[in-house]
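Asker: The structure's right below; bear with me while I get my questions together.
The values are calculated or read from the model by the stated rules, or taken from the named source; none is laboratory data. Note that the structure is predicted; figures quoted are calculated from it, not measured. Please note: Cβ atoms are built from the backbone with ideal geometry, for glycine as well, and neighbour counts cover all protein chains shown.
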Amino acid sequence: MIAALTTLVAAKSRWGFWKCWGRLRLEGHRWNHTRLWRVYCQLRLSLPRRTKKRLSARLRQPLGVIPYPNAVWAVDFMSDTLYGGRRFRTLNLLDEGVREGLAIEIDTSLPTERVNRVLEHIVSWRGQPQAIRLDNGPEFLADRFITWCAERAIQLWNIQPGQPGQNALIER
């Protein structure tokens, strides 16, 4: 039992106990899972639990609206499902000061490059904002998006994690 378990863990180091037990069952070993668990723990093979990725500390930004155009833009994603079950996402870009919808980009996949392209297009005819208010989505945490904003001296204002109601202030 020890030899079979150590060879399996040596080949697949990120497998947990239940995956190892299932593989050993498929290979024909009919060991009881409690007995195998005892050996697994004695060999100290248990893996630490994966923790949630922590966001870096965000500064609290006031939620007041500056009543001028191109002062602050709000960017957010929404998703929905078509009748056939296919999902799609929308990228919504709003000017907070004049409450104008600048762009709505719709597709099944909206990666960071696409977000940058949409923002570049709007900056070309509208002008550049002083700041962009956004949530903590993966498209907005990407290095390409952050460097795009840094090159143009655009500040990024994040809503507080776990507070989606802060988006509702702007999008109402």
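Asker: Which of the numbered conditions does A74 fail, given that it passes all the others? Conditions: (1) free of Cβ contacts under 8 Å to residues at least 12 places away in the same chain; (2) under 30 Å from A153 (Cβ atoms); (3) among the small types (G, A, S).
Answerer: A74 satisfies every listed condition except (1).
Asker: With a cut-off of at least 2 residues that are exposed (fewer than 10 other Cβ atoms within 10 Å of the Cβ), name the helices (runs of 4 or more DSSP H) lying wholly within region 1-48.
Answerer: Output list reads 2-11, 33-42.
Asker: Just one of L45, L102 is in contact (Cβ under 8 Å) with a residue 24 or more places away in the chain and over 25 Å from F140 (Cβ atoms); which is it?
Answerer: L45
Asker: While we're looking at this one, here's another question. Within region 133-149, track down each residue that is in a helix (DSSP H, G or I), surrounded by fewer than 17 Cβ atoms within 10 Å (Cβ to Cβ) and in contact with a strand residue (DSSP E or B) (Cβ under 9 Å, 6 or more places away or on another chain).
Answerer: I146
Asker: Okay, moving on. Has region 115-127 got at least one residue that is under 23 Å from K53 (Cβ atoms) and not aliphatic (A, V, I, L, M)?
Answerer: Yes, some residue in region 115-127 is under 23 Å from K53 (Cβ atoms) and not aliphatic (A, V, I, L, M).
Asker: Picking from R114, R87, which residue would you name as being charged (D, E, K, R), modelled with pLDDT of 90 or more and more than 25 Å from T147 (Cα to Cα)?
Answerer: R87
Asker: Mind checking whether some residue in region 142-149 is at pLDDT below 85 and either closer than 18 Å to H121 by Cα or assigned by TED's automatic domain parsing to the domain that holds R114 (or both)?
Answerer: Within region 142-149 (the criterion being at pLDDT below 85 and either closer than 18 Å to H121 by Cα or assigned by TED's automatic domain parsing to the domain that holds R114 (or both)), the answer is yes, since at least one residue qualifies.
Asker: Mind counting the residues in region 77-132 that are aliphatic (A, V, I, L, M), assigned to a strand (DSSP E or B) and surrounded by 13 or more Cβ atoms within 10 Å (Cβ to Cβ)?
Answerer: Result for region 77-132: 7.
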